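Contents: one structure, followed by commentary.
The values are calculated or read from the model by the stated rules, or taken from the named source; none is laboratory data. Remember, predicted model here, so these are calculated numbers, not experimental data. Ligands, DNA and RNA are excluded from the accessible area calculation, which covers all protein heavy atoms including side chains. Shrake-Rupley method; radii C 1.70, N 1.55, O 1.52, S 1.80 Å.
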Amino acid sequence: MARIHILAATAALLVAAAAGTAAATADDSVAHRPRTEREAAALTGSAKLYRPLGDDITFTFDAHLAAKDNMKPEKAYGTFAFSHYLNGKGGWAKGRVDCLLTGGKVAVMTGVVTDSDTPFKGKRVGITVQDDGRHDRVGYSWVSRDTEKNKVPQCLGSAPFETVKKGTGDFEVLPWRPVYPTQ
């Protein structure tokens, strides 16, 4: 019989707790809190590419598309950087994002190089990232042999053909959710 009383008391406490939670949710201070709106798209993180000779190639992104600009990927903002060194020789570049498109776990970002010790300074580049957990991939527009003549349109990148060095990839892609007209 004592066991029944304990079960009944526990049930009563659970009902009271649930009622208190419901009352707190109905409270104006909780119910009218502004919701934080999810940004429309993002590409963040850093990783080194795998190369058998030991090249030190690093890509870093902090690219975002605000919720208010959901259908305007060319309003993206943020920064990117990349570098490539082997045996003490190479170069680096950093720039500002001018477009970001994402779909699932793939992001295409373009931006203009604002500072560099390479011929890329002042040019637009396109970079594509595949966020695949431990197997991230990267592609870039300057894969062509004649990078001096390479003109990259806004919002255009290449297939993510490079693999990320094991243990270095932490890219994160926030998928874009385009809103299409219904009429």
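With the Kirkwood sum run over all distinct C-alpha pairs, region 40-183 has a hydrodynamic radius of 15.3 Å. The Cα trace of region 141-183 gives Rg and Dmax of 16.2, 48 Å, the first to one decimal, the second as a whole number. Taking every C-alpha pair closer than 8 Å and separated by at least 6 residues, the mean separation divided by the residue count of region 106-183 gives a relative contact order of 31 percent.
For region 101-148, the alpha-carbon radius of gyration amounts to 1.31 times the rule-of-thumb value 2.2 N^0.38 Å expected for a compact globular protein.
Considering every pair of different Cα atoms, what Kirkwood radius, in Å, is found for region 34-111? Result for region 34-111, one decimal place: 13.8 Å.
Note on exposure: 106, 97 ranked by accessible area (1.4 Å probe, complete protein assembly) read 106, 97, with the most exposed listed first.
Rolling a 1.4 angstrom probe over the protein heavy atoms with all chains in place gives region 79-183 an accessible area of 59 Å² per residue. Centre-to-centre, using Cα atoms only, region 71-106 and region 151-183 are separated by 10 Å.
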